Amino acid sequence: MEGFEKIDIKASPSVAKTDFVQAPAKFRGSDPQANTNFKSIFKKKPAVIVFLVIIVFLLVLIFPAMAVYKSAKLTYVQAQGTLSAAKQQNIALASTNLEQTRKALTQTQKELNAIAILKWVPIAAWYFNDADHMVKAGFHGLDAARVLIDSIEPYADVLGLKGQGSFVGGTAEDRIQTAVATMSKVTPKIDDIEKNLLLAKEEVDKVNPNHYPPVFALAKVRNDLRSLQKTVDGAAVFISEAKPLIKVLPDLLGANKEKKYLVLFQNDKELRPTGGFITAYSIFRLSKGVIHVERSDNIYNLDNTVTGKPKAPAVITEYLKVPTLNLRDSNLSPDFIDSMKTFNSLYENARAGVLVDGIIAVDTSVLVSTIKILDDSVFAAGQTFTTKVDPRCDCPQVIYALEANISTPLSLDLRISDLAAIQAGRKAIIGDLMYAIMDKALKSSPKIYWGPLFQDIATKITEKHILFALNDTGAQKGISAINADGRIKDFDGDYLHINEANLGGAKSNLFVSKSVSQEYKVQGDEITKTVTINWKNPYAMSDCNLERGNLCLNAPFKAWVRVYVPKGSTLVDSSGSETKVRIYDELGKTVYEAFVLIRPKSSATLTLSYKLPIEFEKGTLPLLIQKQPGTYSENYEVLVNGSKKAEFSFLTDKKLKISK
C-alpha cells in the first residue's frame, strides 16, 4: 500500500453533509403580505405535493448519507492502520488490520446501498456512482494486499519482518536456502495480485474527477482522485511489467541451478557516465539464495588479461592519454545497458574472465549505508571500516580508507616485482570488504538487520546506486519495470538528463556539489528553455605532489558534460564550456556536449539555451528528468516566464507536469 496518496474523505461530495439554505425573509412570517403570499402557494395542490415530496426525500436520505460518511471515516482510519503497520514492517499487524479494514469497507458498502436510489437521480447519480466505484476498487485492492501478505508471511523471519515466519529453525543460511527452495510455490500468485490490481484500476478509472469543481474543498477531492487514478494505474502497470522478474526470481537466486554474477564496483567519487570509475570486480556465486564470493580483484589485473583491445575513443585518448579502450573505461555511454555491451565485448576476450549470468554494478553509497546498518563497524583486510566522518576528507571513514588504499602513490624506488605484488593487492580490498559485509549480515540476527538491509537495497536501486544487466531477457524486462537498468528512456514531452564524467583522475566528486535551474520562456507556441548548471567546490586543493607520496583527492575537476534533450531541439546560446559545444543525436535525443573545469575553492557555471521542438498542450507540458547513476542529492528548480513552478532535491527519476 506504500505510495498510495491520502484522499480526504471528509471532502467527498458522496459523503458530505447536506447544507440547507435559509428561506428569504418574506417567507418567515415577519410580513403579513409575505405570509399571504406564502399561504397562496399551498393553495396550489400540485406545488404542495412536490414541495412535501422533496422534503420527505431529503429527510429519508440525510440519515443514510450520514451513516455512509461515518462508515467511510472508519474505513479510512482502518486503512491508515494497515498502511502504518506495513511501514513498520510488521507483517502480522498488517494482516490483522487488513481484515479490520475489510469489515469497515463492507459496512460502508452496506450504508451506500441504502441510498442506491440516488443512482436514478440526475447529478446525484454522478457522486453515488463515483462512491460505488471507489468502494469496489477498495475491495479489489484489499484482495491484492491479502494475496501479497499471505505470500510474504511465511518468509517474515528471512526478510527481517516483524511476524512469525515458517523458516525460524537452523542457521541463517539454512533459512535462506529453505525459503528460496519454496519460493517457486508462491511466485505464481503474482497473477492473482495482477488480476486484482487490474480490476481496481478498472473501477478507479470509471470515477470522473471533473464531477468535482475546483473550488474550496472540492478542489482537493478532484486533485486527490486524479492522483489516486495515476497511482493505481501505475501500480497495475508496474506489476504487469515486473511479473517476469518475480516469476524467475527463484531461478535467479540459484534455486535449481547455481548462478554466477559479475559484480562491478563503481567509484562515484571519480564519477563516470554509469555511476563511477570501475575500480574492482567480484564473481558472486548464488546457490539457493546463499551468496559465495568466488573471486575478487582490482579491475587493472583483469584488464591485463584482455587481448585485442580496440582503439580508445577520442575523449579517452585526449583527456586520459590512454591509446586503447580498457574495461575500466568502457562505461562511456550514459545508458548502462549500452555500456555493459561494450564492457562484455572486452570481457569475453579476457583470459581471467568466467561465464556469468549477468552484471550487477554498485557504488560507494551501498557500502556506506550497509556498514551503518551493521552497527557501523565491519572488519576486513586487517582494518575496521565505519561511516564516522573522517576530517581528512569530510567524508565517511570507509571512503577515505578505500581511497587511501587505492590511490596513494607508490614509491618510485620499489623494484618492479615488488610494485607488481603491491598493485595486485590494491583495489581487491573492496572485494574483501563486500565479502565481510555479507558475512556479518548472514551471521547476524535477521530480525535486527535484514529488514533494514532489504529496505535499504530497495532505496539504493530506486536512486540508481545499484544497476542490473541480466542475461535472462524476461528477468531483465522486470528489472526495467523497476527502473533498475539505468537506461535512457523514450518520453513523449520535454526531457532532461545531465551526464558528467570526471576525467581529471582525482576524486573531486567528494567535494563538488551541483545545482540545476530550468527556465521556460513561452512566447505563443514557441518555447525557449535555458538550463543552468552550477558546480561548487568549497574545499582546498590536496597536495598532489607524487614525489611526496600524498593522497591526491581534491584537484581540478575536468568534467566531460553531456546534456540530453528532446531530439530536434535547436541550440540558441551557450556559455561556460572550455570548448565549443558539440551537437549531435544519440540514444534518441539531441546531445549538447561541453567541458567544464571546476577548481578547488571555486565554482563554475554552464548555461545552455535552446528551442524545444514541442509546445504546451492545454496549458501543460510533461517533463521527465532522468538521474545519473552515482550522483547524490542535487537541488533542482523549474521556472516558467520567471515564475518558480517547482523546487526539489533530485534523488530519483522525476516526472512533472509544467503549467504556463
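Assorted remarks:
- Each label was represented as a point 7 Å from its Cα along the Cα-to-Cβ direction; for residue 307 and residue 586 these points are 3.1 nm apart.
- By the rule of a C-alpha distance below 16 Å, with chain neighbours fewer than 8 residues away ignored, the aspartates and glutamates paired with residue 206 are 130, 132, 224, 233.
- Here residue 377 and residue 457 are evaluated by their C-beta separation; at R0 = 25 Å the FRET efficiency comes out at 0.80.
- Summing +1 for each Lys or Arg and -1 for each Asp or Glu among the other residues whose beta-carbon sits under 10 angstrom from that of residue 136 gives -2.
- Along the axis of the charge dipole computed for the chain (Cβ charges of +1 for Lys and Arg, -1 for Asp and Glu, origin at the Cα centre), the listed residues 310, 108, 530 are led at the positive end by 108.
- Contact order for the chain, expressed relative to its length and based on alpha carbon pairs under 8 Å spaced 6+ residues apart, stands at 11 percent.
- Residues listed by number, region 202-224, amide nitrogen under 11 Å from residue 233 label point at 7 Å toward C-beta: 205-206
- Applied to region 78-86, the Karplus parametrisation 6.51 cos²θ - 1.76 cosθ + 1.60 on θ = phi - 60° returns per-residue 3J(HN,Hα) values of 5, 5, 4, x, 5, 5, 4, 5, 5 Hz, with x for Gly and Pro.
- Among 582-591, 497-506, sorting by the average number of other beta carbon atoms lying within 10 angstrom of each residue, highest first, gives 497-506, 582-591.
- Sequence-distant residues sharing a close amide H with residue 645 (under 5 Å, placed H): 638, 639, 640
- Put simply, the amide H of residue 586, placed in the peptide plane, has neighbours under 5 Å in 591, leaving out anything fewer than 5 places away on its chain.
- Positive-pole candidate from 355, 330, 256, dipole of the chain, charges at beta carbon: 256
- Basic side chains Lys and Arg get +1 at the Cβ, acidic Asp and Glu get -1 at the Cβ, and with that the dipole of region 494-659 about its Cα centre reaches some 260 debye.
- Just so you know, the averaged projected area of the alpha carbon convex hull for region 175-231 sits at 5.7 nm².
- Estimated vicinal HN-Hα couplings, Hz - region 325-337 in sequence order (Karplus 6.51, -1.76, 1.60; Gly, Pro = x): 7, 10, 4, 5, 10, 7, 8, 8, 7, x, 8, 4, 5
- The charge dipole of the chain, taken about the Cα centre with unit charges on the Cβ atoms of Lys, Arg (+1) and Asp, Glu (-1), comes to about 2000 debye, rounded to the nearest 20.
- By DSSP, the beta bridges lying fully in the chain are antiparallel in about 85 percent of cases.
- Where labels lie 7 Å past Cα in the beta-carbon direction, separation of residue 351 and residue 113 in nm: 7.8 nm
- Close amide H pairs (under 5 Å, H built 1.01 Å from N) link residue 634 with 650, residues at least 5 positions away or on another chain.
- Global geometry of region 259-481, whether rounded, prolate or oblate, following the gyration tensor of its Cα atoms and the 1.5 cut on a/c: oblate
- Legend: ranking of residues 245, 624 from fewest to most surrounding C-beta atoms inside 10 Å; resulting order 624, 245.
- FRET efficiency, residue 471 to residue 641 (Cβ-Cβ, R0 56 Å, nearest 0.05): 0.70
- Cross-link check: pairs 260/440; 288/341; 230/529 evaluated at a Cα-Cα cut-off of 26 Å; pairs beyond the cut-off: 288/341; 230/529.
- Those residues of region 301-326 whose amide nitrogen sits under 16 Å from the label point placed on residue 579, 7 Å along Cα→Cβ: 312-323
- Principal-axis tilt of helix 190-204 within the chain, Cα atoms, nearest 10 degrees: 40 degrees
- Pairwise FRET efficiency - residue 77 versus residue 294, Cβ, R0 = 51 Å, nearest 0.05: 0.45
- The residue among 566, 505, 631 whose Cα reaches farthest toward the positive pole of the charge dipole of the chain, with charges on the beta-carbon of Lys, Arg, Asp and Glu, is 566.
- In sequence order, calculated HN-Hα J values of region 102-118 (Karplus, 6.51, -1.76, 1.60; Hz; x Gly/Pro): 4, 4, 5, 5, 4, 5, 4, 4, 4, 5, 5, 4, 5, 10, 4, 4, 5
- Given charges at beta-carbon only (K, R positive; D, E negative), |dipole| of region 259-481 in Debye: 440 debye
- Ratio Rg/Rh, restricted to the chain and using Cα atoms, in which Rh is the Kirkwood radius: 1.07
Read-outs throughout are calculated quantities, based only on the coordinates presented, and are distinct from any laboratory measurement. Fair warning: this is a prediction, and the values are worked out from it, not measured in the lab. Because the Cβ atoms are built from the backbone with ideal geometry, glycine has one as well, and the counts that use them run over all protein chains shown.
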